[in-house]
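First comes the structure, then the notes that go with it.
FYI, it's all coordinate maths here, none of it is from the lab. All values derive from a computational prediction rather than experimental measurement. As a convention, Cβ positions derive from the backbone with ideal geometry for all residues, glycine included, and neighbour counts pool all protein chains shown.
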């Protein structure tokens, strides 16, 4: 069963705050986890890609995966107005398949200057 | 860098017209996908292809068809456009079991 839950927001925070974006999932077969950022009227762009439990850091962004709780997070430090976008989580089961990723519906993030 | 391009950014068509949306990727990816994205509904998979001339239905294939004659090109066809097909259409590509890379999207309006 494909099911990924993501709060649609909007989530509005002041510039400089730490942002936490989250997804939960029910399928324990999911092994690979991604975060995409989508600006208005543009295609999603890959932001982070992880395949194990724990943390992965890239600049101001940290992706966290907790497979035991079926919970993934994306943290943004020192948030900037340019981070305002919709953030989609996505995941794929081990070994497959061509039918692609399972996406959350996205969280709309607004960073207030 | 992976590059996925779509033939049009904005398209306006009339009800009943046949519409072609083209997608090209330059990374020799095996898999290609067509999604539509609507407010509150997220990304919904229309069709995907895992090889040349191969295609599989996604979650919402009704009213659409696809063509993949070459590995780098994947076309979405609306045989007879309807107003409920007004949407943002996104193409993506990937290696066999890897993450997907998206094109910029085509915003289609059917009047």
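Run the paramagnetic zone check for residue A:49: 7 angstrom along Cα to Cβ, then residues of the range A:4-43 with backbone nitrogen under 13 Å.
So the set is A:32-36.
Taking a ≥ b ≥ c as the square roots of the eigenvalues of the Cα gyration tensor of chain A, is the shape rounded (a/c under 1.5), prolate (a/b larger than b/c) or oblate? Walk me through the intermediate numbers first.
On the way: a/c = 1.98, a/b = 1.62, b/c = 1.22.
The shape class here is prolate.
Take each of the peptides A:9-21, B:46-58, average the number of other beta-carbon atoms within 10 Å over its residues, and list them starting from the highest. Can you show the working numbers first?
Numbers: A:9-21: 14.0, B:46-58: 17.2.
Top of the packing list down: B:46-58, A:9-21.
Can you give the average number of partner chain beta-carbon atoms within 10 Å of each beta-carbon in peptide B:42-51, as a whole number? Numbers along the way, then the final one.
Values: counts 9, 12, 1, 6, 0, 0, 4, 1, 4, 1.
Average neighbour count from other chains, rounded to a whole number: 4.
Once R0 is set to 30 Å, what does the formula 1/(1 + (r/R0)^6) return for the Cβ-Cβ distance between residue B:9 and residue B:62, expressed as a FRET efficiency to the nearest 0.05? Please report the intermediate quantities before stating the final value.
Numbers: r = 25 Å, r/R0 = 0.85.
So the FRET efficiency works out to roughly 0.75.
Put a dot 7 Å past each Cα toward the Cβ at residue A:28 and residue B:80; how far apart are the dots in nm?
4.9 nm
If I model a spin label at residue A:41 and residue B:27 as a point 7 Å from the Cα along the Cα→Cβ vector, what separation in nanometres do I get?
2.6 nm
Multiplying the sequence separation of residue B:96 and residue B:54 by 0.36 nm and subtracting their Cα-Cα distance, what value in nm do you get? Display every interim value, and only then the final one.
Details: separation 42, 0.36 × 42 = 15.12 nm, distance 1.38 nm.
Gain in length upon complete extension: 13.7 nm.
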